[in-house]
Structure formats: C-alpha cells, structure tokens
C-alpha cells in the first residue's frame, strides 16, 4: 500500500528544508490536477534545484519560487 502524500511529505520535509534556498515544503496540485509535493525556493538556486527530486515515493514534486518567508 502506497503511503499517503502527507506521510511522504513528513518523511522528507526535514531533509529538503536543510537544502540551501528551500523555504517551504507543502502539498498542492500538479498541472494535471494530481496531488504533488510543492517545494518553495526563496529564489533561483541552480545548485539546489539540481539536487531536488522530480518525484518522491510515487508523488510528483514541483518547485516554485516563493521568495523569502518571514515569521510574523
């Protein structure tokens, strides 16, 4: 049985957030409307982008430039 997308996100989140420029890991939809893991970057970072997977445990991974995130 395939793990849920929430379980997959949780199991990979800490490792992904440790990469330079990664500011968020979330769940959303890909271009086909399927569930996907969304990785937010604070800006273009070619070195980090090459290290990001295109899928995790059967779920698509999408990268978005979201800018810096500040706590309020």
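Observations on the structure shown:
- Taking the criterion of being in contact (Cβ under 8 Å) with a residue 40 or more places away in the chain and under 12 Å from residue 23 (Cβ atoms), the only residue of segment 55-66 that qualifies is 66.
Yes or no, residue by residue, for (1) surrounded by 13 or more Cβ atoms within 10 Å (Cβ to Cβ); (2) over 9 Å from the mean Cα position of the chain (by Cα):
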| residue | (1), (2) |
| --- | --- |
| 10 | no, yes |
| 15 | no, yes |
| 22 | yes, no |
| 31 | no, yes |
| 35 | yes, yes |
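- Segment 37-51 - residue that is in contact with a strand residue (DSSP E or B) (Cβ under 8 Å, 6 or more places away or on another chain) and buried (at least 17 other Cβ atoms within 10 Å of the Cβ) and, of those, farthest from residue 62 (Cα to Cα): 48
Taken together, the values in this text are just the output of simple stated rules run on the coordinates, not laboratory data. Every value quoted in this text rests on a predicted model; they were computed, and no experiment measured them. Glycine also receives a Cβ, built like all others from the backbone with ideal geometry; neighbour counts cover every protein chain displayed.
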